[in-house]
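What follows is calculated from the coordinates using simple rules that are stated; it is not laboratory data. Every value quoted in this text rests on a predicted model; they were computed, and no experiment measured them.
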Amino acid sequence: MTVGGLVAFYGYVFRLFAPVSIAIDLQSRFQRVGASIRRIVEMTNPQSTSEAQGNVVPLRRDVKPELEFRSVCFSYERDRPILRNMSFRIEPEETVALVGLNGSGKSTIGLLATGLYTPDAGSILVGGSDTREVGGRSLRATISLVPQDPILFDETIRENLLYGNPLATSSDLDEVAALTQLDQVVLRLPRGFEEPLGHSGQGFLAEKRNGWLWLALSCSSQEF
């Protein structure tokens with residue numbers, strides 16, 4: 001081949017595979033969007049929830065429950081398991097650290113414990129009750145999850161906290177702020193709870209403080 005022919009060949013190959021790569025990426029995105037839509041519909045459809053059907057096992061609020069994983073298996077993709085026969089038990093008031101490489105399943109364990117995902121096999125028990133049988137509101141009032149990337153709305157701190165419990169009073173928000181150590185941060189802000197956050201909280205605070213705020217948002221969903 002001549003130099004010109006070789007350059008033309010590689011140029012056409014690039015033109016061929018670039019759209020194919022984009023099409024594959026779009027297909028993957030459509031699959032994720034479809035899965036998210038199905039999950040949103042499932043969570044927002046009152047007829048499909050165990051609470052609506054009355055088949056729930058309420059957790060006792062006066063007892064600190066233990067958390068137990070029994071031979072839990074879970075995978076996001078059928079041929080790529082994340083957890084295989086994961087078993088452990090955390091007693092009330094016990095502190096346990098999960099350490100591992102990125103993608104080893106640490107965040108997945110938190111998502112499974114809060115009922116945001118359902119295990120493929122095995123069972124997860126909170127206070128001796130299977131999370132499949134516990135109402136979502138009761139479960140998430142017992143377990144709080146602070147995600148690695150906090151999701152905050154472009155509203156004030158008060159509006160973000162009320163998203164967890166729209167009926168919460170000012171005294172309830174003060175209690176949540178004190179519980180999550182957010183109160184000292186709020187006191188230093190010019191507008192207090194009325195301070196606007198900006199997009200994803202970027203106009204508000206550093207990442208660590210965003211974590212405090214998200215913890216407060218999780219705790220505000222509890223029944224006062």
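Tabulated data
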read-out	value
Segment Val20-Arg32, extension gain: residue separation times 0.36 nm, minus the distance between their alpha carbons	2.4 nm
Hydrodynamic radius (Kirkwood) for segment 150-201, which is based on Cα pairs only, to one decimal in Å	11.2 Å
Segment 79-200, Rg to Rh (Cα coordinates; Rh as Kirkwood inverse mean 1/r)	1.02
Scattering profile of segment 61-132 at q = 0.18, 0.22 Å⁻¹ [log10 I(q)/I(0), Debye over alpha-carbon scatterers]	-0.69, -1.01
Prolate/oblate/rounded call for segment 90-143, Cα gyration tensor, a/c under 1.5 rounded	oblate
